[in-house]
Amino acid sequence: MLLVYLLAIFLSAALLFLVQPMAAKLVLPILGGSPSVWNTTMVFFQALLLLGYFYSHLVTKKLPRLAQGVVHAGVIAAGALMLPIALPKVVGTPGAGDSPTLWLLMLLPLVAGVPFFVLTTTGPLLQSWFASSDHARAKDPYFLYAASNIGSFVGLLSFPFFLEPRFDLAEQSAWFSRGYYAFAALAALCFLFAWKGGARTATNATPATAPPAAPITWPTRLLWIALAAVPSSLSLSVAHAITTDIAPVPLLWVLPLSIYLLTFVVAFSSRIRVRPEFAGVLLLPVALSLLEVRFAGTALPNELVFAVHLLLLAVGALMCHTRLAASRPAAAGLTEFYLWLAVGGVVGGLFNAMLAPKLFNAALEYPIVVAAACCLVPSRHAATDRRSLLYSVLAALAIPTLAVVAVQWLEARGAIGPAAVPVSKFLALIAACVLVAIPPRGRFIRFGLAVMVAFVYSMLSARQQGGALLYVERTFFGIHEVYQNADRTRLVHGNTTHGVQAHSDELRRTPLSYYHPDGPLGDAMRHAQIAGRPADVAVVGLGVGTTAAYARPGDRFTFYEIDPAVVTIARDPNLFTYLADSRGTIDVVLGDGRASLARESRRFDLLALDAFSSDAVPLHLLTREAIVIYRERLKPGGAIAFHISSRYLELAPIISATVAATNSAIDPDPMIVVSRDDSLTREESARTGRYPSTWLLALRRSDAAALIAASGESPNPTRHWRAVPVPPMKPWTDAYSSIWSALMPAIATEAADAAQAPPAPK
């Protein structure tokens, strides 16, 4: 009997966490690949989890055992009718005035709502059935929750590591359907065991030998909600942080979620014992390490930054979940316990996905939840009276502030040079956080609040280093900041610069950053702008409108931009004037570039895709179906330009394979891909405003040969174009894409470069 229960709970949890990344990947092409897609998807599934737990609680408390089985059989059958998991046949895109968040929340129920709801009910319901049995371990069924989380962990990891690299979305959905039918059979067996094999007649009756269950109070319920909300919010904050620079793909989503689930396994395991106090003590230095990461910016290795984020999540979630496990009620209160855990999960998700973007123009939800985790560390000397709490709050606010003021005072008097100010502020804030935690009573509350204050100062310091902040706005697609220094204005989106414009009259109309005339885009423009003939150019991704500087009188440039905030910034003459100063005709179309081009009737000399270096990498723009659309929009002799600058993804082989897959077998002049790297040192970039970049051009073989031959005449090797070989790899389609194929070449290249590099001086 126990084995059947374990298998049913394990399989339902695995399927539960398979469907989440699958559904998110289904909708990514519609919303342009923003990391917010994952946060919003998680909120939806957390809300369904709450609904499922409420259903389980209501059924077990209100219905006799036989009625429970009949009702649940109907619910499982309703879920089967929704299979396979797929987008509705008729699905559009959000309108220009629609909220992407609300639109996504309305779409997801049609994609996987009912099957997911069915799976959410399994854990509490089957644990309740098991608790009322005569099995020797029925008095404490919470060990089954550990089995549930192991299943969640396995299901979550199997998607990016097994299903996604091997199967397209239709095949993934088919595997999910088979798993669902197997789960339905196991659930039926569990009910038979509960009904015939020793289930008691009274619903959720406590065994006669068990002591009376202690009543559950509202302070206990609120503590459960807080201990569940903090890890939920922390997981989403970490996921957003590590996907900001890479790509919002399932592989990177599942890393924090896997750690989150693993802490549940450890906390509720009957074999592994971890005290919440131990995890809490570990949390404090890790929180300070994260503060160092925020101050250091890009100076630290990316691997170290990722490790700090994930370690913080691990110890923070472990502390909260071990406190939950230690406070769990008797078996009679099992379903209510899970219900309040689900409430906490929804609260954490809503805070990150819905509330924080409306309240903050920076990612302040991260330091807030870190502070909350520190405040929840158990202590023998808790501050319970009002005076102690007031002292804790005032000390946490005042001492870090005084530390920063002291550093600024020393700077004003010349005791600290400008270059040493950031380090001095960091050390002063670390000292302040340690200082407020010295008195034993209420130390963790003071420490947590002090860390939050220190984080706020670190963000303010980072913005001050960027120059004068002219504009900041947070949207579904990220945080946009416009900075101005003595000679240039730049747009920063997440951690990526999206455009630079010089202030001087002689350089104001000159394209800078990744788009300068001597770079690859300059070559692509010269290929398209044939003398004596107006050029028609399409650009997916507006940025600050830099590309408009290339337009000649009579040329027509059309920009396709999904984010309204970007359009506002590019059109504001107080920020950037590339669009206003352009000598050509400029059109801006709001909406997803691929969808807009599919509706377009015009043809272009050049189609530039400038969307792969941001914190929202829209992979749906690289599929075979997308490239077919682009080719249909080209004039004879036209080319497709891909801006693929990235520290993490090697997209050239994928694009080459995918472009080759769109060629006809009998085409005498097929389309091939050529590439050019624009190498510039950090000093050159700082001095000139020109940034190194990597671009690809997809064009006819004859045109590519002419371009390669012409570039070979340049004495500068960085000006040479070269053909990109077609690798033996599966091209990306709307149904199939694997981030591994983009990550592994980049990892291999980085390792090779490191092996060939000269040894560092000792």
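The values are calculated or read from the model by the stated rules, or taken from the named source; none is laboratory data. Given the structure is predicted, the values throughout are model-derived calculations rather than measurements. As a convention, Cβ positions derive from the backbone with ideal geometry for all residues, glycine included, and neighbour counts pool all protein chains shown.
Worth a mention:
- Search result, residues across the stretch 220-244 that are of a type in the set (Val, Ile, Thr) and farther than 20 Å from PRO367 by Cβ: THR220, ILE225
- Meets criteria (crowded, with 21+ Cβ neighbours inside 10 Å and under 29 Å from the mean Cα position of the chain (by Cα)) for ALA570: yes
- Taking every residue in the stretch 159-172 that is under 19 Å from ALA86 (Cβ atoms) and pairing it with any residue that is of a type in the set (S, T, N, Q), at least 6 positions away or on another chain, the pairs with Cβ-Cβ distances below 7 Å are LEU163/GLN172; GLU164/SER738; ASP168/THR733.
- Residues in the stretch 645-700 that are surrounded by fewer than 15 Cβ atoms within 10 Å (Cβ to Cβ), modelled with pLDDT of 85 or more and in contact with a Pro (Cβ under 9 Å, 6 or more places away or on another chain): SER664 only.
- Matching option when the condition is polar (S, T, N, Q) and either closer than 29 Å to ILE479 by Cα or crowded, with 23+ Cβ neighbours inside 10 Å (or both), among SER601, SER596: SER596
- Residue in the stretch 541-550 that is buried (at least 24 other Cβ atoms within 10 Å of the Cβ), touching a residue at least 60 places away in the same chain (Cβ under 8 Å), more than 30 Å from MET459 (Cα to Cα) and touching a helix residue (DSSP H, G or I) at 6+ places or on another chain (Cβ under 9 Å) present: yes
- The stretch 319-432 holds helices (runs of 4 or more DSSP H) entirely within its bounds, and those carrying 3 or more residues that are modelled with pLDDT under 80 and crowded, with 18+ Cβ neighbours inside 10 Å map to 386-412.
- Filter result for LEU579 (part of a loop (DSSP other than H, G, I, E, B), in the same structural domain as HIS516 (by TED's automatic domain parsing), closer than 27 Å to GLU481 by Cα and under 34 Å from the mean Cα position of the chain (by Cα)): no
- Among (1) under 18 Å from GLY499 (Cα atoms); (2) not in a helix (DSSP H, G or I) - the single one VAL566 does not satisfy: (2)
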